[in-house]
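The structure appears right after this line, and notes come after that.
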Amino acid sequence: MNGGGKNLSDILLVGKGFLGQKIYSLYCNDYKIKTAGITEGNDFFLDITNPEQCLKVIRKANPLAIVLTASLSGVDYCEKHSREAFAVNAVGPKNIVNAVREFNPAIKLVFFSTDYVFDGQKGNYDENDMPNPLGVYAKSKLKGERESMKADDFLILRLSTLYGFNSPKDKQTFTRMIIENLSIGEKVFASKQITSPTFIDDAAKATIKLIEKKECGIFHVAGPKAFSRGDWARKVAWAFGLNESLIEEVESVPGQIAPRPKNSSLNIGKLLETGIKMHSSTESLLLMKEQMEKEGVI
Ligand SMILES: NC(=O)c1ccc[n+]([C@@H]2O[C@H](COP(=O)([O-])OP(=O)(O)OC[C@H]3O[C@@H](n4cnc5c(N)ncnc54)[C@H](OP(=O)(O)O)[C@@H]3O)[C@@H](O)[C@H]2O)c1
């Protein structure tokens, strides 16, 4: 990917959270990746809500592609902090696009969105289906999509319920909560909500492969099968050898305040047509188990 120019990086990875960390660890040896974000340990400090900082960092990194995983992704947090959600999820990408257009419009922008842009009435959504977001997080992400589309060369990758393992410091996901609760004999409450659980290793690989293939536009990047939260919890229990009788299906989970789409599962036909493969849920969960065992986490 590298053009070989002085100070030229292949990728500016903005946000080294759950997915960003995986992209970095899988590809930092193959590509010249610079990282930017609001926490320590990045090559550049960057708060994407600040337009001047966006331009300064992009100028310094001089990348061929920007992989923008930075986001406020807590659905209930966003519902309570609407202004902050729109600042990061919508104004953030707008600032990045403006900086790209000013510095070098040829830079490719990869923005990550969500299955929550759909209202969940239909399920199995493809890229031509009309979004109709229900909550603040979803609305802010759709606005982020619209801003990202203003880049000359953009990829919008819609993901769904990420799971996987980087390190014990990973943020709490639904899947990690299932493993932790069942391991200590605690109940798991699971709603009937249907999504397409997505293995972060596959999401990370699909991201880089789509860049390598010079694809652009919107792609659904998700697991190959739809699961209700309850069915997913039982699948995780099976893969990790845990007691599924502690899983309780409920109408709504206590503490969830943001509206959730009933069935926001994603159709990944367009992605598969590019030749990119996604592991089955069984393969992915067993790989995740292996990774956690290797690190001594379970
Ligand atoms: N997690 C899911 O289940 C899921 C499902 C569908 C779609 N998605 C989408 O996938 C993408 C990645 O999700 P994720 O789970 O990896 O998110 P995450 O773990 O919450 O990471 C997001 C990162 O954003 C960075 N960040 C937050 N505010 C920032 C700001 N103002 N300026 C710069 N960086 C900022 C932080 O990076 P640093 O702390 O490293 O600086 C944080 O670690 C997001 O766009 C999300 O909407 C996620």
Query - DSSP beta bridge pairing in segment 12-103, given as percent antiparallel to the nearest 5 - result: 0
Query - the chain: most fluctuating residue of CYS28, CYS216, CYS78 per GNM, C-alpha cutoff 10 Å - result: CYS28
Report summary line: So the carbon and sulfur contribution to the accessible area of the chain, 1.4 Å probe, in percent, is 49
Report summary line: At R0 = 30 Å the Cβ-Cβ FRET efficiency linking LEU286 and VAL253, nearest 0.05, sits at 0.65
Query raised in the report: Which one of ILE48, THR114, ALA239 is farthest out on the positive end of the charge dipole of the chain, using unit charges on Cβ (Lys, Arg +1; Asp, Glu -1) and the Cα centre as origin?
Result: ILE48
Query - Accessible area per residue in Å² at 1.4 Å probe, computed on the chain - result: 45
Query - Calculated on alpha-carbon atoms, Rg and Dmax of segment 184-224 in Å - result: 15.4, 48
Query raised in the report: Which length gain, in nm to one decimal place, applies between GLU293 and ASP43 when the Cα-Cα distance is subtracted from 0.36 nm times their residue separation?
Result: 86.9 nm
Query - For THR207, solvent-accessible area (1.4 Å; no DNA, RNA or ligand), Å² - result: 0
Report summary line: Rounded to whole angstroms and listed largest first, the alpha-carbon spread of segment 150-242 along its three principal axes comes to 51, 29, 22
Query - Stokes-Einstein translational diffusion, segment 144-200 - Kirkwood Rh over all Cα pairs, 0.692 mPa s, 37 °C, in µm²/s - result: 233
Query raised in the report: Looking at the square roots a ≥ b ≥ c of the eigenvalues of the Cα gyration tensor of segment 6-80, which shape do they give, rounded for a/c under 1.5, prolate if a/b is larger than b/c, or oblate?
Result: oblate
Query - Mean separation of Cα contacts under 8 Å, 6 or more apart, over the residue count of the chain: relative contact order % - result: 18
Query raised in the report: Please report, for the Cα atoms of segment 78-133, the Rg to one decimal and the Dmax as a whole number; what are they, in angstrom?
Result: 14.5, 42
Query raised in the report: Taking a quarter of the surface of the convex hull around the Cα atoms of the chain, what do you get in nm²?
Result: 14.5
Query raised in the report: Hey, if you drop one equal point scatterer on each alpha-carbon of segment 204-272 and run the Debye formula without solvent, what base-10 log of I(q)/I(0) do you get at q = 0.19, 0.21 Å⁻¹?
Result: -0.93, -0.99
Query raised in the report: Which value in nm describes the separation of the simple spin-label points at TRP238 and ASP153, placed 7 Å from the Cα toward the beta carbon?
Result: 4.3
Query - DSSP beta bridges in the chain [antiparallel fraction, %, rounded to 5] - result: 5
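The values are calculated or read from the model by the stated rules, or taken from the named source; none is laboratory data. Computed from a prediction, not measured in an experiment: that's the story for all the values here. All Cβ positions, even for glycine, are placed from backbone atoms using ideal geometry, and neighbour counts span all protein chains on display. To get the accessible areas, we keep the full protein, side chains included, count just its heavy atoms, and leave off ligands, DNA and RNA. Shrake-Rupley method; radii C 1.70, N 1.55, O 1.52, S 1.80 Å.
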